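Reading through the structure tokens given below for one structure.
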Amino acid sequence: MTRPVPDRAAIEAALDEAYQAGLAKCAHGHVATYIPELARVDPSLFGIAVHTVDGVTASIGDAAHPFTMQSVSKIFSLSAVIEHSGERVFEHMSTEPSGDAFFSIVKLEEEKGQPRNPYINAGAILTSDHLPGVDASDKIAHFQAFLGRASGLEAAAFPVNEAVFRSEAETGHRNRALAEIMRHHKVISDVEVAVETYFRQCAVTCTAEHLARIAMFLTNAGADPITGEHIITPANAHGVLALMATSGMYDEVGSHAIEVGLPSKSSVSGAVLAIAPGRMAIAGFGPALGQKGNSIGAMKALGVLSKRLELSVF
Ligand code: DON
């Protein structure tokens, strides 16, 4: 059954309700503190942005407030990598949910340095290592160019927040450990290049409005529905989305599927991006996180939007 794309009035009414419901939840969450620079972010920030395949945009709250992409970046680095070099990145990585926290080292050690999927930290570090380029600066330039192409904006719209990058580079010992295990198993070749690329990619700045725009190609089988430009192949878009549905929300992926029913990707900076295929991209941003490290306000708001606009794919 193909359902129609909701019109602006329906979207704005649903956004209003979703914003109030999400905002009420934010008071019960906490900002991430394990990256010291993220601990300085205001936990009361909250916003939502919607972009439809028809070009309707709507937003509410702090949807133009800049934040670092963190784990939401993982879907775009995977998109850039598989578009550039096909399935090679999956020669040493599977596509299964991990059932563990995003930073966990346990299965990586048991499974000979082969990450479970590209959206846990180990798999994302491996994926960053596959971005084309000889060093971190080349690889990040490729990543930013991909964001520029996907969004129709300049690559310069997505700068690296150097303070957040340095803060994670100085404290990200567990991510270095993941990279060292993969180096031991010859899954990556250079730990420093891989982790610097990954930390920089996580520190790339965007807004909820930008995020919804960048992700339009995932609503439309890999082509930007606004400009018609090819961004990634339909098969690759299918893979990126399928992995979002199974591993995009870490160990809350099941309850999120029930509550929201859309392939989604979260980040510790408070973003949750959800894709309603053929209809719209929705980006929520609220840095107050729940127990599992996902934005408590954004998840609630997405649940309301999904029900009001009948977006669930299930
Ligand atoms: O590697 C990290 O821990 C962060 N740079 C990103 C983690 C993240 O966003 C997980 N999301 N919920």
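Just so you know, all these numbers are worked out from the coordinates, no wet-lab data involved. Because the structure is a prediction, the values reported are computed rather than measured. Counting neighbours? That spans all protein chains shown, and the Cβs are built from the backbone with ideal geometry, glycine included.
What's the longest uninterrupted piece of the chain once you rule out the trypsin sites (Lys or Arg not before Pro) that are loop residues per DSSP with at most 15 other Cβ within 10 Å?
187-314
What whole number of Å gives the distance from the Cα centroid of region 230-263 to the Cα centroid of region 174-191? Rounded to whole Å, the Cα centres lie 26 Å apart. For the chain, the Kirkwood hydrodynamic radius from C-alpha pairs, put into Stokes-Einstein at 20 °C and a viscosity of 1.002 mPa s, yields a diffusion coefficient of 113 µm² per second.
Legend: distances between Cα atoms for Lys265/Lys307; Lys186/Lys292; Lys112/Lys186; Lys25/Lys107; Lys112/Lys292; pairs beyond 21 Å are Lys186/Lys292; Lys25/Lys107; Lys112/Lys292. Taking the helices alone, the chain has a mean residue ellipticity at 222 nm of -13500 deg cm²/dmol, built from -39,500 (n - 2.57) per DSSP H run of at least 4 residues and averaged over all its residues.
Would you work out the charge dipole size for region 71-202 about its Cα centre, treating the Cβ of every Lys and Arg as +1 and the Cβ of every Asp and Glu as -1, and quote it to the nearest 20 debye?
Numbers: 13 positive and 19 negative charges, 25 e Å.
Here region 71-202 has a charge dipole of around 120 debye.
For the chain, find the longest principal axis of its Cα atoms and tell me its angle to the long axis of helix 136-151, 0 to 90°, nearest 10. Result, in degrees: 20. Helix 191-202 against the longest principal axis of the chain: what's the angle in degrees, Cα atoms only, rounded to the nearest 10? Relative to the chain, helix 191-202 is tipped by roughly 10 degrees. Looking at region 183-263, the GluC sites (Glu not before Pro) that sit in a DSSP loop and have at most 14 other Cβ atoms within 10 Å of their own Cβ are Glu229. Our coupling estimate for region 303-309, obtained by passing each phi through the Karplus curve with A = 6.51, B = -1.76, C = 1.60 and θ = phi - 60°, is x, 5, 4, 4, 6, 4, 9 Hz, Gly and Pro reported as x.
Relative to the longest principal axis of the Cα atoms of the chain, the long axis of helix 234-247 lies at roughly 90 degrees.
The radius of gyration of the Cα set in region 71-202, together with its Dmax, comes out at 13.9, 42 angstrom.
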